[in-house]
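The values are calculated or read from the model by the stated rules, or taken from the named source; none is laboratory data. Computed from a predicted model, the values in this text were never measured in an experiment. FYI the Cβ positions are ideal-geometry reconstructions off the backbone, even for glycines, and counts take in every protein chain you see. Accessible surface is based on the protein model in full, side chains and every heavy atom, while ligands, DNA and RNA are left aside. Shrake-Rupley method; radii C 1.70, N 1.55, O 1.52, S 1.80 Å.
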Amino acid sequence: MKRYVREDGSKALAERLAKEEQVATSRVAQAEVAAAMARRCREGSLSIKERDDLIAAFETHLLFMVVVEVTASVLKPVGSLVRQHPLRGFDA
């Protein structure tokens, strides 16, 4: 979301992405980003056009990312990660 909607951390993320040759995301991000954009639209902070344009931009960027599928081996370290960091659900 920070890549598409200005919020705390957006600038730092943009700087980081500019330095990286390859970016990875979870397959779940497809649902998470679309749902977050739709919620912002319902709440009035995005227009319908902005929502649709941002979802389309994410889907285009997704073509160039390494997409990590959610498997048992990917989820194995979640228990440890949430103990060490303030992560929520699929952020972990």
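Surrounded by 11 or more Cβ atoms within 10 Å (Cβ to Cβ) and touching a strand residue (DSSP E or B) at 6+ places or on another chain (Cβ under 8 Å): which single residue out of Val33, Val67 fits that description?
Numbers: Val33 fails: touching a strand residue (DSSP E or B) at 6+ places or on another chain (Cβ under 8 Å).
When all the criteria are applied, what remains is Val67.
Scanning region 74-89 for residues being surrounded by 11 or more Cβ atoms within 10 Å (Cβ to Cβ) and either of a type outside the set (A, V, I, L, M, F, W, C) or part of a helix (DSSP H, G or I) (or both) gives a total of 6. Among the residues of region 17-27, not a single one is closer than 22 Å to Arg88 by Cα, open to solvent by less than 90 Å² (accessible area, probe 1.4 Å) and in a helix (DSSP H, G or I).
Within region 36-50, being part of a helix (DSSP H, G or I) and either over 13 Å from Met1 (Cα atoms) or open to solvent by 60 Å² or more (accessible area, probe 1.4 Å) (or both) holds for Arg39, Cys41, Arg42, Glu43, Ile48, Lys49, Glu50.
Based on what the data block shows, is Ala14 loosely packed, with under 15 Cβ neighbours inside 10 Å and either in contact (Cβ under 8 Å) with a residue 60 or more places away in the chain or within 11 Å of the chain's Cα centre (by Cα) (or both)? No: the conditions fail for Ala14.
So the check is Cβ under 8 Å with 6+ separation or different chains; which pairs have a first residue in region 40-64 that's closer than 25 Å to Val23 by Cα and touching a residue at least 40 places away in the same chain (Cβ under 8 Å) and a second one that's surrounded by 12 or more Cβ atoms within 10 Å (Cβ to Cβ) and among the hydroxyl-bearing types (Ser, Thr, Tyr)? Qualifying pairs under 8 Å: Leu54/Tyr4; Ala57/Tyr4; Phe58/Tyr4.
Before we move on, is Val70 more than 14 Å from Arg3 (Cβ to Cβ), in a loop (DSSP other than H, G, I, E, B) and at pLDDT below 95?
Details: more than 14 Å from Arg3 (Cβ to Cβ): yes; in a loop (DSSP other than H, G, I, E, B): yes; at pLDDT below 95: yes.
It is true that Val70 is more than 14 Å from Arg3 (Cβ to Cβ), in a loop (DSSP other than H, G, I, E, B) and at pLDDT below 95.
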